[in-house]
1. If you take the residues in the range 65-120 that are hydroxyl-bearing (Ser, Thr, Tyr) and in a loop (DSSP other than H, G, I, E, B), which one is farthest from Ser48 (Cα to Cα)?
2. Tell me, which residue of the range 102-111 that is farther than 11 Å from Leu127 by Cα and modelled with pLDDT of 90 or more is surrounded by the fewest Cβ atoms within 10 Å (Cβ to Cβ)?
3. Considering only residues of the range 83-102 that are over 30 Å from Leu43 (Cα atoms) and in contact (Cβ under 8 Å) with a residue 12 or more places away in the chain, which is nearest to the chain's Cα centre (by Cα)?
4. Check the range 32-50 and report whether any residue there is assigned to a loop (DSSP other than H, G, I, E, B) and either basic (Lys, Arg) or at positive phi (or both).
5. Any idea which residue in the range 51-67 is farthest from Asp86 (Cα to Cα), counting only those that are surrounded by 13 or more Cβ atoms within 10 Å (Cβ to Cβ) and free of Cβ contacts under 8 Å to residues at least 40 places away in the same chain?
6. Which one is farthest from Ser46 (Cα to Cα) among residues in the range 121-131 that are within 16 Å of the chain's Cα centre (by Cα) and outside any strand (DSSP E or B)?
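The values are calculated or read from the model by the stated rules, or taken from the named source; none is laboratory data. Every value quoted in this text rests on a predicted model; they were computed, and no experiment measured them. All Cβ positions, glycine included, derive from the backbone under ideal geometry; neighbour counts span all protein chains shown.
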Amino acid sequence: MYNDPTLYPYPPVQYHLYPTHPYHYAPYWAWDRDFPPVNTKTLSTSASISEHLLKDTSLLVKKLTDPAIAKQLMTNAQSGNKKEVDRIIHTFGYESAIETTYSPSAVHFIVGPRIKDNPCCQLTLMLKWGE
């Protein structure tokens with residue numbers, strides 16, 4: 001029944017011969033648009049600084065795997081002692097600027113370069129510590 005040739009047009013429709021819909025073309029404003037030459041300096045700088053951020057984030061995660069430090073951090077965070085939480089985080093010996101926020105379910109770290117004038121990159125880390 002499904003292979004009955006009378007049910008389907010013969011020869012088969014060749015859709016590739018029909019023109020495409022205008023919505024499939026590039027937008028009209030992109031046809032004659034000139035792009036500036038590619039400059040990879042900013043991307044290279046961001047990538048090299050990101051390597052340092054990743055190393056500092058790795059150090060942070062290693063320190064937080066210690067149960068004594070984790071308990072101390074969570075106890076102070078639960079009691080709302082943000083200054084002590086920041087002090088504990090700053091004793092880890094990293095070179096980047098780390099901002100810490102936390103909620104009952106997670107702790108968030110934003111790791112960025114110490115230079116605040118021209119931020120090139122930042123790393124956001126969220127670690128779950130509750131339900």
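1. Once the filter is applied, the top-ranked residue is Ser79.
2. Within the range 102-111, the match that is surrounded by the fewest Cβ atoms within 10 Å (Cβ to Cβ) is Ile110.
3. So, considering only residues that are over 30 Å from Leu43 (Cα atoms) and in contact (Cβ under 8 Å) with a residue 12 or more places away in the chain, the one nearest to the chain's Cα centre (by Cα) is Tyr102.
4. Looking for residues that are assigned to a loop (DSSP other than H, G, I, E, B) and either basic (Lys, Arg) or at positive phi (or both), one finds at least one in the range 32-50, hence yes.
5. Across the range 51-67, the extreme among qualifying residues is Lys55.
6. So, considering only residues that are within 16 Å of the chain's Cα centre (by Cα) and outside any strand (DSSP E or B), the one farthest from Ser46 (Cα to Cα) is Gln122.
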